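The values are calculated or read from the model by the stated rules, or taken from the named source; none is laboratory data. This one's a predicted model, so the numbers in the text were calculated from it and none came from an experiment. Surface accessibility is based on the protein's heavy atoms, side chains included, excluding ligands, DNA and RNA. Shrake-Rupley method; radii C 1.70, N 1.55, O 1.52, S 1.80 Å.
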Amino acid sequence: MLHDADTVECQISDAAMDILGGVKGTESMARQAQFLSLRDAVEGLASDLFDKGPCVRGQVVRIFTKHVQKMPLTDPIATGSESALDQAASLRVLAEARPASAAQ
């Protein structure tokens, strides 16, 4: 994340990403895809946490489960978008379809 010309490092726990995605126990090789699918939400949380706290040069914004509100599952027909449950299923399929040699 950027604050003026400074880069602010951000981190999110695996458990917090699972809550955002509406899943539990995402395989480690699917984390990058999970993050990319949830990137807007993660960036929004990081920005909110940064804005709430004191601005300290070199700080790291860390997102944990306590920072993530449980998001209601949405109806993809009503909203015109993929639900969190569908996104999680897509991530699971991606992880299961990937050959074992790709994880190395």
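Each residue was assigned an accessible area with a 1.4 Å probe, and for His3 the value is about 60 Å².
Using a probe radius of 1.4 Å on heavy atoms only, what accessible surface per residue do you get for region 3-75? Whole Å² is fine. Normalised by residue count, the accessible surface of region 3-75 is 67 Å².
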